[in-house]
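Structure first, commentary second.
The values are calculated or read from the model by the stated rules, or taken from the named source; none is laboratory data. None of these values were measured; they are calculated from a predicted model. Note that each Cβ is placed from the backbone with ideal geometry, even for glycine, and that neighbours are counted across all protein chains shown.
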Amino acid sequence: MKILVTGGAGLVGSECCRLFSSEGYEVISVDNYMRGKIFGTDGNTSSTMKALTDELDIEHHDIDIRDEKMGELVKNVDAIIHTAAQPSHPRSIEIPVEDFQINAHGTLMLLENVRKYNKDATFVFCSTNKVYGEMPNRFSYKKVGKRFEPEDRKLHDGFDESLSIDQNMHTPFGVSKTAADLYTQEYAYLYGLKTGVFRMGCITGGAAKAVEMHNWEPFFVKKALTGDLLTIFGYGGCQVRDVIHAADLAKLFLEFIKNPRPGEVYNIGGARQNSISLLESFDLIEKITGKKMNYKMGPEREADHQWWISNIGKARKHYKNWDIRINLEDIFREIHKALIKESV
């Protein structure tokens, strides 16, 4: 089988390339390294792709997903994993038009290529929990130690897919990804494509690039190593996130491609077991690095979640061979190791 991975040089894309290649699939990657243009030198992913192509038999194309050449690539594959994106909600506030063109328009063009040229292909879309906008902040939370927890005990395992996406602020990133999310569903309902939507929380791993506006985990570890001042945006650092390694996410995509459920939507993240507040992450990072965090508090970011844990029960129910395998400490240790290697 042939797999096309958009954004193949990125965090999720590179893990998909690695996994599917190891599983015996023929892997075709597309990436135009836009991330480096959006975030600067620290966000450039070309080195990731070089490492992949040196190690694995991967066919790579330096193409924008909106390029007409994509049609030819889509024709000859069994599945598409669409990870390419403008991935930062604070950055989207500065570049709303470009954010829309990449996330919404780019996804629609890919779906059209599948509809026109390869309706039998499975299409995996990397959505985001930002499609829910500020909705999680409308619930009540209490401070428990160094984190917030919901007042409503029904939320213990996190938010499921029934949470509303409507009538609240999202930032342009949330809106563009919501549009792409809904188009991906619509192409299953209306045109019969085998599409699946994965609304992802905090995805990270050793391949993640340490930039402030995206992928907070390596950015925090990098700040610990350098001793530079870190700014925490809002909530006193007690905001909660659930963290999942990109390799675990790639495993779920593999299960979906083996047994696609057209039009389904999944909340996916680290769940309760891999949840951590920013202040709690300091304790873990200091344990791993032996360095003290140097930080200050700043204002809240627009539409930033006070508390987010993904209820992944639906994914676990539909794909019983899949579950989270990599725990929080192992994730942060891998990030630390990668940053040390990078600095040598």
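Screening Met169 on (1) touching a helix residue (DSSP H, G or I) at 6+ places or on another chain (Cβ under 8 Å); (2) part of a loop (DSSP other than H, G, I, E, B); (3) not small (Gly, Ala, Ser) shows it passes everything except condition (1). Residue pairs whose Cβ atoms lie under 7 Å apart, separated by 6 or more positions or on different chains, with the first residue in the stretch 225-239 and surrounded by 15 or more Cβ atoms within 10 Å (Cβ to Cβ) and the second β-branched (Val, Ile, Thr) and at pLDDT 95 or above, are Leu225/Thr289. Of all residues in the stretch 118-156, those satisfying the criterion of being within 21 Å of Ala85 (Cβ to Cβ) and assigned to a strand (DSSP E or B) are Thr122, Phe123, Val124, Phe125, Cys126, Ser127, Thr128. Which residue, of Ser140, Ser176, is out of contact with any helix residue (DSSP H, G or I) (no Cβ under 7 Å at 6 or more places or on another chain), polar (S, T, N, Q) and under 21 Å from Arg301 (Cβ atoms)? Checking each option against the conditions leaves just Ser140. Please go through (1) out of contact with any Leu (no Cβ under 6 Å at 6 or more places or on another chain); (2) buried (at least 23 other Cβ atoms within 10 Å of the Cβ) for Ala179 and return the number of the only condition it doesn't satisfy. The single condition Ala179 does not satisfy is (2).
If we keep just the residues of the stretch 261-313 that are assigned to a helix (DSSP H, G or I) and of a type in the set (D, E, K, R), which is surrounded by the most Cβ atoms within 10 Å (Cβ to Cβ)?
Just the residues of the stretch 261-313 that are assigned to a helix (DSSP H, G or I), to begin with: 272-274, 278-289, 313.
Narrowing the set further to residues that are of a type in the set (D, E, K, R) leaves 272, 280, 283, 286-287.
Details: Arg272: 15, Glu280: 18, Asp283: 13, Glu286: 13, Lys287: 11.
Result: Glu280.
Out of all the residues in the stretch 184-194, is one or more out of contact with any Leu (no Cβ under 6 Å at 6 or more places or on another chain), of a type in the set (Lys, Arg) and surrounded by fewer than 23 Cβ atoms within 10 Å (Cβ to Cβ)? Yes, there is a match, as at least one residue in the stretch 184-194 is out of contact with any Leu (no Cβ under 6 Å at 6 or more places or on another chain), of a type in the set (Lys, Arg) and surrounded by fewer than 23 Cβ atoms within 10 Å (Cβ to Cβ).
Can you confirm whether Ile102 is touching an Asp or Glu at 6+ places or on another chain (Cβ under 9 Å), surrounded by fewer than 22 Cβ atoms within 10 Å (Cβ to Cβ) and either over 26 Å from Glu255 (Cα atoms) or of a type in the set (S, T, N, Q) (or both)?
Numbers: touching an Asp or Glu at 6+ places or on another chain (Cβ under 9 Å): yes; surrounded by fewer than 22 Cβ atoms within 10 Å (Cβ to Cβ): no; either over 26 Å from Glu255 (Cα atoms) or of a type in the set (S, T, N, Q) (or both): yes.
No.
Restricting the search to strands (runs of 3 or more DSSP E) fully inside the stretch 1-92 and requiring at least 2 residues that are of a type in the set (Val, Ile, Thr) gives 2-6, 26-30, 79-82.
Is it the case, given these coordinates, that Glu217 is under 28 Å from His156 (Cβ atoms) and either surrounded by fewer than 18 Cβ atoms within 10 Å (Cβ to Cβ) or not hydrophobic (A, V, I, L, M, F, W, C) (or both)? So that I can check it myself, show each step before the final result.
Details: under 28 Å from His156 (Cβ atoms): yes; either surrounded by fewer than 18 Cβ atoms within 10 Å (Cβ to Cβ) or not hydrophobic (A, V, I, L, M, F, W, C) (or both): yes.
Yes: the conditions hold for Glu217.
Matching residues to (1) within 25 Å of Thr184 (Cα to Cα); (2) surrounded by 16 or more Cβ atoms within 10 Å (Cβ to Cβ); (3) more than 21 Å from the chain's Cα centre (by Cα); (4) touching a residue at least 24 places away in the same chain (Cβ under 8 Å):
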site	(1), (2), (3), (4)
Ile28	yes, yes, no, yes
Lys37	no, no, no, no
Ser47	no, no, no, no
Asp78	yes, no, yes, yes
Glu112	yes, yes, yes, no
Lys116	yes, no, yes, yes
Phe125	yes, yes, no, yes
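Report yes if Lys320 is part of a loop (DSSP other than H, G, I, E, B), free of Cβ contacts under 8 Å to residues at least 12 places away in the same chain and on the phi < 0 side of the Ramachandran plot, otherwise no. Steps first, answer last, please.
On the way: part of a loop (DSSP other than H, G, I, E, B): yes; free of Cβ contacts under 8 Å to residues at least 12 places away in the same chain: yes; on the phi < 0 side of the Ramachandran plot: yes.
Yes.
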